Amino acid sequence: MEIIRITVNDRMQRGYSYELQARMGEEFDAEFNPQLSPKEMLALGVFGGRYLTDCRAEFPEDWFTEAKLYTGDNPHGDAKLNFFGVHASQPLSVWKAKGWIHPQDPRGWFQWYCRYFMGRRTADDARQIKRWKAMARHVAQVKGNCEFGDLMCRRKQRQALLHWAYDSINL
């Protein structure tokens, strides 16, 4: 595989670069099996439409053809753009306070996942995959408390699962 180098210059990162070491969407860690691609997540509606709005050049253009993106001034975006119509995210400040943000991915887990999906591999992968696996408990809660296909049941929890690449629509 030809090594591709990506250099990032956006509002949150300047001069950061990384190499793609795997083919896009392939060669994932055996314990990491996301059900949704970043493109699918953006098209379904995640993060109030606020994610990746100033750094689109870093990612494939086709990820954004059907993405639900917010263009207003509200720092939380618009919950109506989320698939389940509710906000299900904590502010970045909370993530920073809990130590969940690493400098290589200042926007958090979804930025890590987009870059991982594209083929970047780093020492932080194991930590992020462990965090992703921990979300499975929410799948069990939705399945245990909701009738299959009842999309009104536990909407906030289902939206949070979408944010972590779990297909909570088909639970």
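The values are calculated or read from the model by the stated rules, or taken from the named source; none is laboratory data. Given the structure is predicted, the values throughout are model-derived calculations rather than measurements. Note that we place each Cβ from the backbone using ideal geometry, even for glycine, and neighbour counts take in every protein chain shown. Note: areas computed on protein heavy atoms with side chains; ligands, DNA, RNA excluded. Shrake-Rupley method; radii C 1.70, N 1.55, O 1.52, S 1.80 Å.
Observations on the model:
- Local charge for residue 139 was computed over the other residues whose Cβ lies under 13 Å away, with Lys and Arg +1 and Asp and Glu -1, and equals +4.
- Counting Cα-Cα pairs of the stretch 1-47 in 10 Å increments starting at 0 gives whole-percent bin shares of 20, 32, 45, 3.
- Residue ranges 42-52, 60-70, 9-19, 101-111 sort as 42-52, 101-111, 60-70, 9-19 when ordered by packing (mean number of other C-beta atoms within 10 Å per residue, highest first).
- Other residues whose C-beta falls under 14 angstrom from the C-beta of residue 149 contribute a net charge of +1, scoring Lys and Arg +1 and Asp and Glu -1.
- Solution diffusion estimate, µm²/s, Stokes-Einstein, the stretch 50-103, Kirkwood Rh from C-alpha pairs, 4 °C, viscosity 1.567 mPa s: 100
- Absence of a disulfide-compatible partner, taken as no other cysteine beta carbon within less than 4.7 angstrom, is noted in the chain for 55, 114.
- Net charge contributed by nearby residues that have their C-beta within less than 11 Å of residue 40 (K/R +1, D/E -1): -1
- C-alpha center-to-center spacing [the stretch 113-161, the stretch 32-88] in angstrom: 15
- With Cα atoms, 0 to 90° folded angle of helix 125-134 axis to the chain main axis: 0
- Along its three principal directions, the equivalent ellipsoid of the stretch 102-152 from the Cα gyration tensor extends over semi-axes of 29, 11, 9 Å, largest first.
- The stretch 1-81 shape via C-alpha gyration tensor axes, a/c threshold 1.5: oblate
- Cα shape, the stretch 21-171, gyration tensor, a/c 1.5 rule: rounded
- The aspartates and glutamates whose alpha-carbon is closer than 13 Å to the alpha-carbon of residue 143, local same-chain residues fewer than 8 away aside, are 167.
- Carbon/sulfur fraction of accessible area - the chain, other protein chains in place, 1.4 Å, %: 51
- Where the chain is the region considered: accessible area per residue in Å², 1.4 Å probe: 53
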